[in-house]
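First up is the structure itself, then whatever we jot down about it.
The values are calculated or read from the model by the stated rules, or taken from the named source; none is laboratory data. Because the structure is a prediction, the values reported are computed rather than measured. We place every Cβ from the backbone using ideal geometry, glycine too, and count neighbours over all the protein chains shown. What goes into the accessible areas is simple: the full protein's heavy atoms, side chains included, and nothing from ligands, DNA or RNA. Shrake-Rupley method; radii C 1.70, N 1.55, O 1.52, S 1.80 Å.
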Amino acid sequence: MSDNTAVQSVPRSDPDQTTGNGPARRPGSPAKGAGAARVKSRPADRIFRGLSTGSAASIMVILAGVAIFLIIRAIPAISADWESSGDLNSGPTGGYPNFWAYVGPLIFGTLWASAIALIMGAPIAIGIALFISHYAPRRIAGVLGYLVDLLAAVPSIVFGLWGIIVIRPFLLPLSDWLNEYLGWIPLFGGQVSTTGSTIFAGAVVLAVMILPIITSISREIFLQTPRLHEEAALALGATKWEMIRLAVFPYARSGVVSATLLGLGRALGETMAIALIISPAILISPRLLTEGENSQTIAANIALNFPIANGLQRDALIGTGLMLFVISLAVNMIARVIVTRTGPASNNKKSTKKISQLPPSDPATVTAVDDVAGPLAAARRDEPEGTKA
């Protein structure tokens, strides 16, 4: 037999028949893809798939059910003539020409108190998360993380009592100082409250209440930063802060935004703490230090007036709850848009676009384009067909 014939008679090795990556496949057996397609799903797999699908569908059903309930109950009060209605022209809804005149100041008060709390609480929460993840020793970081998580379990009524007994007297000297030296600013103008029942005190308590949510999520996002990125920044001579600014913050930006907006959602729906601390009124006022000029929030207004309201007045209160529901959905949609536009995929696309605009004749440019575009193209190929743009 010739050499060529001998070479042709040697069977080629099949990777699927080797035992390096799994059990050997017998000759003549179907390929991996075809065999996997013919394998029957086990009963446990079908049960698990059904439970997962049912759980996902139940979220949509519950959300739709809540929305339908709010809409059905709110329509009579929204469409009613408040000036001629005896029920709506008295009690907690009295003195307003229509539903929108009633709910407008409540929406302002809800957004105003939540925004102040977010401005005060979010930077502190992010700083705590950064200290726990990158600065604190391991033992101290563990204790601080446990305390932050424990803070999330404190009931809102406890925060409200703490605000009445501790925060309101504590903020009185600061309120006097702000009014004396910064009273020309509308936020700090007016007659300062002598009891501390102000939106300023309520916002401080709200800021403490949103700390655990923002801190916990931001801490986990900071800890997920690739170690290679941090070590590369330090190897190039960056200081600890420069490493955090150049490697940690860009990677964690979308997660921190999500955590902040989750904290905003927590502040929007807070009820008892605000109801206990401030002396509210249904009006639009940006003042922080006055008593009797604090804009009421939707959740606190419902909690205070629902027990004493009659049928149509309760429909009006449920209508304000519908507005709060819409605001919460809007906040979540905005968070989704921000995360999509600031996430890692968006940053990679921007980096590729910037590098591609450099002169292609430069060898360093060609290498940089290959380094950036190569992993992106590989990741793009690995995506399922349904997720590709």
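Do we have ALA141 as open to solvent by less than 20 Å² (accessible area, probe 1.4 Å), assigned to a helix (DSSP H, G or I) and either within 28 Å of SER279 (Cβ to Cβ) or not hydroxyl-bearing (Ser, Thr, Tyr) (or both) here? Outline the logic, then answer.
Numbers: open to solvent by less than 20 Å² (accessible area, probe 1.4 Å): yes; assigned to a helix (DSSP H, G or I): yes; either within 28 Å of SER279 (Cβ to Cβ) or not hydroxyl-bearing (Ser, Thr, Tyr) (or both): yes.
In short, yes.
I'm checking my understanding of the structure. Among residues of region 207-265 that are open to solvent by less than 30 Å² (accessible area, probe 1.4 Å) and in a loop (DSSP other than H, G, I, E, B), which one is farthest from ILE126 (Cα to Cα)?
Selected residue: ALA238.
Only one residue in LEU268, LEU236, LEU223 is free of Cβ contacts under 8 Å to residues at least 60 places away in the same chain and of a type in the set (A, V, I, L, M). Which one? Full working, then the answer.
Values: LEU268 fails: free of Cβ contacts under 8 Å to residues at least 60 places away in the same chain; LEU223 fails: free of Cβ contacts under 8 Å to residues at least 60 places away in the same chain.
None of the others qualify; the one that does is LEU236.
Could you list, in sequence order, all residues of region 312-328 that are within 10 Å of ARG73 (Cα to Cα) and surrounded by fewer than 19 Cβ atoms within 10 Å (Cβ to Cβ)?
Filtering region 312-328 down to residues within 10 Å of ARG73 (Cα to Cα) leaves 312, 314-319, 322.
Within region 312-328, LEU312 is the sole residue that qualifies.
For the list (1) closer than 16 Å to LEU130 by Cβ; (2) in contact with a helix residue (DSSP H, G or I) (Cβ under 9 Å, 6 or more places away or on another chain), I need the number of the one condition that THR194 fails.
Only one criterion is unmet by THR194, namely (1).
With the checklist (1) under 20 Å from the mean Cα position of the chain (by Cα); (2) open to solvent by 20 Å² or more (accessible area, probe 1.4 Å) in hand, flag the one item GLY190 doesn't pass.
Condition not satisfied by GLY190: (1).
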